[in-house]
């Protein structure tokens, strides 16, 4: 059977349904499924919170006997492997559906075409690739983590009419109106983690949570690039760390065991990428007996491993990225770096006692940090500031989507200049559309494949 406009209409509804649980299904993708018989939806579901049960068995259960002879519309190829739950392909076969329409095939090597083969071998008609571009957009986080071993990165900027993103020395400045700010809250709610530089964290003292009534529990993990642990203990981030997770990405030089590594940063240690970052829960930091083991004493080159090879840093700068002076602690208003080792140990202990997690992974190497975040199951990352942090990810070639808000307000001569505006979007990005929120304009751009 050829794909019809009705197929596209039902798949569009399944894709809309899938977005309901974005950012809330752990490492599993948020998938939408509709069971349709004689043009009527008899069952529908989205992947449950936490990732289980999957969408298909829930939708089939709702449809009951009506599923026999029906068509199932699924945004991602049904799984074919036995995990904590039986394969969804088997559930569809057992239900007696006559046809399955799929938007995106699953790149997971445990599935990748096997789900489709199982269905066809059982005599079920399968059509794949329906509204694939839209389906890929809704599954972007999952697909990026599967194919590139890193989160999907969205860069969000709000720019004034004179090209500024804030005013020097004044902390947070409202550039966009309430309608645009509500849209940003919705974006945070469907994102796994949000990231800012230490300069922004100190000058703005942001919460970085979701404040839309009813969605507060969907606040993303909050990440700060903080090389010298300069985040004030009185900041809102520290004060709320036990309510919503906060991760500080500190320099390897302030790693507590670095002094035992003959003065070398821990990035030169074997297995450091998965261990000292603390982002792979299967590893612990190396013990003192392991420090320096297995390294070449004549080499200061970082040790690579599987997580930083292949297409992980595709498009990224192959050379280390220098620290960004404007983001270095002590230069932003209100923050100073710890003075010595004793002060550093005290600061570290106080931050951890407040519930802040500290990981040691060069903050200015996103090509290392992002795969480490992926090992924790973080599939989507929102970069919100500041200007130098935005440039860091752009120059590394690790931004997948840009959300550029333009507002009619004027900041003036003491403004902080945006790294770009609508007239000089970085090369390699395609304009995907424009939306209007009150007096503000949102233009979205996606990296061209």
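The values are calculated or read from the model by the stated rules, or taken from the named source; none is laboratory data. Computed from a predicted structure; not experimentally measured. Ideal geometry is used to build each Cβ from the backbone, glycine not excepted, and the neighbour counts take in all protein chains shown.
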*asked:* Can you say whether residue 54 is in contact (Cβ under 8 Å) with a residue 24 or more places away in the chain, surrounded by fewer than 24 Cβ atoms within 10 Å (Cβ to Cβ) and either closer than 30 Å to residue 191 by Cβ or not assigned by TED's automatic domain parsing to the domain that holds residue 129 (or both), as far as the supplied structure shows?
replied: no
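Name the single residue that is surrounded by the fewest Cβ atoms within 10 Å (Cβ to Cβ) among those in the stretch 360-394 being over 18 Å from the mean Cα position of the chain (by Cα) and closer than 30 Å to residue 437 by Cα.
Of all residues in the stretch 360-394, those over 18 Å from the mean Cα position of the chain (by Cα) come to 360, 362, 387-388.
Those left that are additionally closer than 30 Å to residue 437 by Cα: 387-388.
Numbers: 387: 22, 388: 20.
Top of the filtered list is 388.
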_Members of the stretch 179-199 found to be touching a residue at least 24 places away in the same chain (Cβ under 8 Å), within 25 Å of residue 439 (Cβ to Cβ) and part of a helix (DSSP H, G or I), listed by number_ = 179, 180, 182, 183, 184, 185, 186, 187, 188, 189
*Answer yes or no as to whether residue 174 is in a helix (DSSP H, G or I) and farther than 23 Å from residue 343 by Cα.*
no
*asked:* Among the residues of the stretch 133-157, what is the count of those that are buried (at least 24 other Cβ atoms within 10 Å of the Cβ), closer than 14 Å to residue 105 by Cβ and in contact with a strand residue (DSSP E or B) (Cβ under 7 Å, 6 or more places away or on another chain)?
replied: 2
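Only one of these is more than 16 Å from residue 87 (Cα to Cα) and within 27 Å of the chain's Cα centre (by Cα): 25, 47. Name it. So that I can check it myself, show each step before the final result.
Values: 47 fails: more than 16 Å from residue 87 (Cα to Cα).
None of the others qualify; the one that does is 25.
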*In the stretch 355-383, which residue that is assigned to a strand (DSSP E or B) and either modelled with pLDDT of 95 or more or touching a helix residue (DSSP H, G or I) at 6+ places or on another chain (Cβ under 7 Å) (or both) is nearest to residue 142 (Cα to Cα)?*
380
*Quick one: what pairs do we get from the stretch 341-359, first residue without any contact (Cβ under 8 Å) to a residue 24 or more places away in the chain, second outside any helix (DSSP H, G or I), C-beta under 7 Å, 6+ apart or different chains?*
352/358
*Would it be correct to say that residue 352 is at pLDDT 95 or above and either over 21 Å from the mean Cα position of the chain (by Cα) or in a loop (DSSP other than H, G, I, E, B) (or both)?*
yes
*asked:* I'd like to verify a number: residues in the stretch 391-431 that are in contact (Cβ under 8 Å) with a residue 24 or more places away in the chain, over 20 Å from residue 172 (Cα atoms) and not in a loop (DSSP other than H, G, I, E, B), how many?
replied: 7
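Only one residue in 103, 112, 117 is over 30 Å from residue 410 (Cβ atoms), crowded, with 24+ Cβ neighbours inside 10 Å and in the same structural domain as residue 27 (by TED's automatic domain parsing). Which one? Talk me through it step by step, then tell me what you get.
Numbers: 112 fails: crowded, with 24+ Cβ neighbours inside 10 Å; 117 fails: crowded, with 24+ Cβ neighbours inside 10 Å.
Checking each option against the conditions leaves just 103.
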*Within the bounds of the stretch 200-223, is there any residue that is touching a strand residue (DSSP E or B) at 6+ places or on another chain (Cβ under 9 Å), at pLDDT 95 or above, assigned to a strand (DSSP E or B) and more than 24 Å from residue 356 (Cβ to Cβ)?*
no
_Failed criterion for residue 165 (all others in (1) touching a strand residue (DSSP E or B) at 6+ places or on another chain (Cβ under 8 Å); (2) at pLDDT 95 or above; (3) surrounded by 22 or more Cβ atoms within 10 Å (Cβ to Cβ) hold)_ = (2)
